[in-house]
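The values are calculated or read from the model by the stated rules, or taken from the named source; none is laboratory data. Computed from a prediction, not measured in an experiment: that's the story for all the values here. Reconstructed Cβ throughout: ideal geometry from the backbone, glycine too, with neighbour counts over all protein chains shown. Protein only, heavy atoms only, side chains kept; ligands, DNA and RNA dropped before computing areas. Shrake-Rupley method; radii C 1.70, N 1.55, O 1.52, S 1.80 Å.
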Amino acid sequence: MEISLKNQVAIITGASSGIGAGISKSLAESGATVVINYPFEVSKIAADAVLKTITDAGGKGITYMCDVSKEDQVVKMFQDVVAQFGTVDILINNAGIQKDAKFTEMTLDQWNAVIGVNLTGQFLCAREAIKEFLRRGIDETKSVAKGKIIHISSVHEIIPWAQHANYAASKGAIRMLMQTLAQEYAGEKIRVNSICPGAIQTPINTAAWDTPEVLNSLLSLIPYNRIGQPKDIGNLAVFLSSDASDYINGASIFIDGGMTTFESFSTGG
Ligand code: BGC
């Protein structure tokens, strides 16, 4: 199966590092023009480095600063991308943060920050993307769908996570956001799905893999016995963005080395 995303424009939010950077590289390798979104000036150098890797390999893209939790900035990002490239074909709703705390010590700021980026950010970007898909209509030279949205959720959309109530709540809500959009816009030939990663080796979870002790304890949760890599997620994002997955809509796809099979039950309940 050969997959080409040639002539398609993809916005990847939170793409200056981690899973977002990995997805940007994979989409660009498949021919998409990528918009590498990053939130603040401090991430610009990292975003530029992701773009350089892509252009050095012959791919196309730009970097774009926008805080996805801010409505005016999201609206402007979509306007600017459409002005520059003509349209947007694929949205990878990836930007996500953790602000972990014991529940009784969790501040409203920690709660709001996580819900703002992880959930409100995905709402705002999805809304602007769907408006653009509807405006453009189908262009069969590129895809049989008007557009594709991929929400980056987490295994924590179904696994409760002590001391991460804000994060788990945001991911559980993404499932319903995704399924509702899939239901509401399937008739318009817009596909909406989620990727639910388990433990992927990125800056968000350094504390879970940066010493042999913590890595071993993490691996005890992963039947496949390795930590995931951004490329694992990138491969799936390419497939879900392409017509090869045209009949997949409203699905949460777990990509976690078996974490959601609950390894601790492998020796009996
Ligand atoms: C979190 C990581 C965590 C993984 C598995 C992800 O959604 O961002 O920090 O390692 O879930 O628990």
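Annotations for the structure displayed:
- Out of Met77, Met106, Met1, sole residue that is modelled with pLDDT under 95 and either among the hydrophobic types (A, V, I, L, M, F, W, C) or out of contact with any helix residue (DSSP H, G or I) (no Cβ under 7 Å at 6 or more places or on another chain) (or both): Met1
- Positions within segment 215-247 being farther than 30 Å from Ala145 by Cβ and open to solvent by 50 Å² or more (accessible area, probe 1.4 Å), in sequence order: Leu215, Asn216, Ser217, Ser220, Leu221, Pro223, Tyr224, Asn225, Arg226
- Residue satisfying all of: in segment 74-125; in contact (Cβ under 8 Å) with a residue 24 or more places away in the chain and among the acidic types (Asp, Glu); farthest from Gly61 (Cα to Cα) among these: Asp100
- Residue identified as in contact with a Phe, Trp or Tyr (Cβ under 8 Å, 6 or more places away or on another chain), at pLDDT 95 or above and of a type in the set (S, T, N, Q) among Thr55, Thr33: Thr33
- Scanning segment 166-190 for residues that are open to solvent by 60 Å² or more (accessible area, probe 1.4 Å) and not charged (D, E, K, R) returns Met176, Gln179, Thr180, Gln183, Gly187.
- Selection count where residues are over 26 Å from Gly31 (Cα atoms) and within 16 Å of the ligand (Cβ to nearest atom), scope segment 122-156: 3
- Members of segment 226-250 found to be more than 16 Å from the ligand (Cβ to nearest atom), out of contact with any helix residue (DSSP H, G or I) (no Cβ under 8 Å at 6 or more places or on another chain) and not aromatic (Phe, Trp, Tyr), listed by number: Leu240, Ser242, Asp243, Ala244, Asp246
- Segment 126-146, residues that are part of a helix (DSSP H, G or I) and either among the aliphatic types (A, V, I, L, M) or in contact (Cβ under 8 Å) with a residue 60 or more places away in the chain (or both): Ala126, Ala129, Ile130, Leu134
- Listed by position, the strands (runs of 3 or more DSSP E) inside segment 28-105 whose residues that are more than 21 Å from Lys131 (Cα to Cα) number at least 3 are 60-65.
- For the residues Gln163, Gln79, Gln110, the requirement of being polar (S, T, N, Q), more than 16 Å from the ligand (Cβ to nearest atom) and open to solvent by 40 Å² or more (accessible area, probe 1.4 Å) singles out Gln79.
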